[in-house]
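Contents: one structure, followed by commentary.
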Amino acid sequence: MEFLKELGIQSHNAGAATGADWLPGKGTHIRSYSPVNGALIATVGSTGRDEYETVLRTAAAAFEQWRLVPAPQRGEVVRQIGEALRGKKDALGRLVSFEMGKSLQEGWGEVQEMIDICDFAVGLSRQLYGLTMHSERPQHRMYEQWHPLGITGIISAFNFPVAVWSWNAMLALVCGDVCVWKPSEKTPLSAIACQRIIAEVFTRNQVPEGACCVINGGREVGQWLAEDGRVPLVSATGSTAMGKAVGVTVAARLGRCLLELGGNNAIIISQHADLDMALIGSVFGAAGTAGQRCTTTRRLIIHEAVYDNFKERLVKAYGQLSIGDPLDERNHVGPLIDKAAVKMYEEAIAACKEQGGHFVVEGSVLAGAGYESGCYVRPCIAEVGADYPVVQTETFAPILYLIKYSRLEEAIAIQNNVPQGLSSAIMTTDLREAERFLSAAGSDCGIANVNIGTSGAEIGGAFGGEKETGGGRESGSDAWKAYMRRQTNTINYGTRLPLAQGIRFDI
Ligand code: UN1
């Protein structure tokens, strides 16, 4: 386990950090077990309430300074973070893979996603543009400017233990905000490794202590952030249930939320699809990351003319998936995060059968050599009705549902008729079909792709979705605006004070 040493992970790790400085973590210890082999990797102290106060005070003080550093200089620090991540890509990717269970390719991919957002944020640090407007009054000038907002609270999920934090933190940093990050209690070590990497860069650049903080712990610690009036923005990634709790708490104090919650993503496979392409997109989308992406393909809506043929090809492809140690690059599918996730997988399969589902690839929990952790499951496929309750629900596991359609309008209606609205795709070579899918009467999701699966979005676009996905947008495009406050400025450089709307007020 060379990579643990390289990243500074010890057998017991302090629980909270304000940069290079660590607080012991006086709360109960979190044990991080690898789903790969069930081994205890290390323990971490969770943050006590008084330590939380120290972190928040340090972050607030850091903000006073950091907001005054010119944005391009903040970008220069983020550029160096990108460089540091390049240097640690191999080790950090391995830790992500070992702690979370995704394949090594995907672990490295996740770190690459961090590097990409750093590059994006560096450019952005010179492009935090506001508009100028023409005033209706003579000798007046109007414009808007974007100011730093304050402390950004980041609550992240286990499935992308490092990338989703970086989408938020790197944008927040160039915007002049400071961050307090509560990572998933299932993947605290990946967060500790990130903190160590950035702390080195911060120390070198004399970034104020508190600009990026970590607090470890469970739901309670996340709730402290949600309730805290000193945190103007809480960006939370996770289940819809978690998002509803955080959203209500933050809204009650009129704070701002950026929510990226559950998905129930479908690919429509038209009779005009390139089926080779559709096969790769579907199998990677459904079985990749063992079905634990918020963008995972959960439903395939297949045209009746190609249904049987495509189903056969899917079954064959699933037969070729190798499941096992994700650090062994020959394997396609690693374990689920823990036994609780395995239980949810089993329950969803049982519910699907009870509701009338017919499995064409059976699911099962794997046992025996290499599967001792009890977290490895077989990706499975069921033919279902679109309205089955289990099909309407996001289960974070590799269960793929097949639904047949005959008209495109029907397929789009099925695709939209779920509570979630994150990602969607159509496989077709027919331009008219593709454009109908992307039109206002098409997909209702935040992401809609053509001839690409539902997962694996690039960082350059705004990432997020509608309905129960929470409505937030992270990462690229103009998502940075969520991390700043907008100020409209009107300047009168004349010698009179005319009122807007022509109102007269003579004294
Ligand atoms: C998530 O699962 O929370 O689009 C994020 C993707 C990745 C990000 C997924 N770039 O699949």
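The values are calculated or read from the model by the stated rules, or taken from the named source; none is laboratory data. Just so it is clear, the model here is predicted, and its values are computed rather than measured. Neighbour counts are summed over all protein chains in view; Cβ atoms, including those assigned to glycine, are modelled from backbone coordinates with ideal geometry.
Some values worked out for this structure:
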read-out: Selected residue (only one of THR187, THR203 is of a type in the set (Ser, Thr, Tyr), more than 16 Å from the ligand (Cβ to nearest atom) and at negative phi); value: THR203
read-out: ILE115 vs. criteria surrounded by fewer than 24 Cβ atoms within 10 Å (Cβ to Cβ), at pLDDT 95 or above, within 16 Å of the ligand (Cβ to nearest atom) and β-branched (Val, Ile, Thr); value: yes
read-out: Condition met for LEU336 (under 23 Å from GLY38 (Cβ atoms), in contact with a helix residue (DSSP H, G or I) (Cβ under 7 Å, 6 or more places away or on another chain) and within 16 Å of the ligand (Cβ to nearest atom)); value: yes
read-out: Qualifying residue in the stretch 469-479 (condition: away from the ligand (no atom under 16 Å from the Cβ), within 22 Å of the chain's Cα centre (by Cα) and assigned to a helix (DSSP H, G or I)); value: no
read-out: Residues of the stretch 450-468 classified as within 12 Å of the ligand (Cβ to nearest atom), outside any strand (DSSP E or B) and of a type outside the set (Asp, Glu), total; value: 11
read-out: Complete set of residues in the stretch 160-195 that are in contact with a strand residue (DSSP E or B) (Cβ under 6 Å, 6 or more places away or on another chain) and of a type in the set (Phe, Trp, Tyr); value: TRP165, TRP167, TRP181
read-out: Looking only at the stretch 313-331, and only at residues there that are exposed (fewer than 12 other Cβ atoms within 10 Å of the Cβ) and of a type outside the set (S, T, N, Q), the one that is farthest from GLY370 (Cα to Cα); value: LYS316
read-out: Top-ranked residue of the stretch 431-449 - restricted to ones that are loosely packed, with under 15 Cβ neighbours inside 10 Å and charged (D, E, K, R), ranked as farthest from the ligand (Cβ to nearest atom); value: ARG432
read-out: Qualifying residue in the stretch 163-172 (condition: within 16 Å of the ligand (Cβ to nearest atom), among the hydroxyl-bearing types (Ser, Thr, Tyr), assigned by TED's automatic domain parsing to the domain that holds ASP21 and within 15 Å of CYS294 (Cα to Cα)); value: no
read-out: Wholly enclosed helices (runs of 4 or more DSSP H) of the stretch 1-94 bearing at least 2 residues within 18 Å of GLY218 (Cβ to Cβ); value: 49-66
read-out: Matching residues in the stretch 120-162 - criterion: being of a type in the set (Ser, Thr, Tyr) and within 16 Å of the ligand (Cβ to nearest atom); value: SER156
read-out: The listed residue being aromatic (Phe, Trp, Tyr) and in a helix (DSSP H, G or I), out of TRP181, TRP167; value: TRP167
read-out: Residue list for the stretch 84-109, filter: over 16 Å from PRO335 (Cβ atoms) and either in contact (Cβ under 8 Å) with a residue 60 or more places away in the chain or of a type in the set (S, T, N, Q) (or both); value: ALA84, LEU85, LYS88, ASP90, ALA91, LEU92
read-out: Failed item, numbered, when SER406 is tested on (1) out of contact with any helix residue (DSSP H, G or I) (no Cβ under 9 Å at 6 or more places or on another chain); (2) over 26 Å from ALA163 (Cβ atoms); value: (1)
read-out: VAL77 being modelled with pLDDT of 95 or more and in contact with a helix residue (DSSP H, G or I) (Cβ under 6 Å, 6 or more places away or on another chain); value: no
read-out: Pair list, Cβ under 6 Å, 6 or more apart: the stretch 394-415 residue polar (S, T, N, Q), other residue surrounded by fewer than 24 Cβ atoms within 10 Å (Cβ to Cβ) and part of a helix (DSSP H, G or I); value: THR395/MET344; THR395/ALA348; SER406/GLU304
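Table: residues versus (1) within 16 Å of the ligand (Cβ to nearest atom); (2) touching a residue at least 24 places away in the same chain (Cβ under 8 Å); (3) crowded, with 18+ Cβ neighbours inside 10 Å.
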{"site": "ALA236", "(1), (2), (3)": "yes, yes, yes"}
{"site": "ARG253", "(1), (2), (3)": "no, yes, no"}
{"site": "SER270", "(1), (2), (3)": "no, yes, yes"}
{"site": "ASP274", "(1), (2), (3)": "no, yes, no"}
{"site": "ALA278", "(1), (2), (3)": "no, yes, yes"}
{"site": "GLY291", "(1), (2), (3)": "yes, yes, yes"}
{"site": "ILE302", "(1), (2), (3)": "no, yes, yes"}
{"site": "ALA305", "(1), (2), (3)": "no, yes, no"}
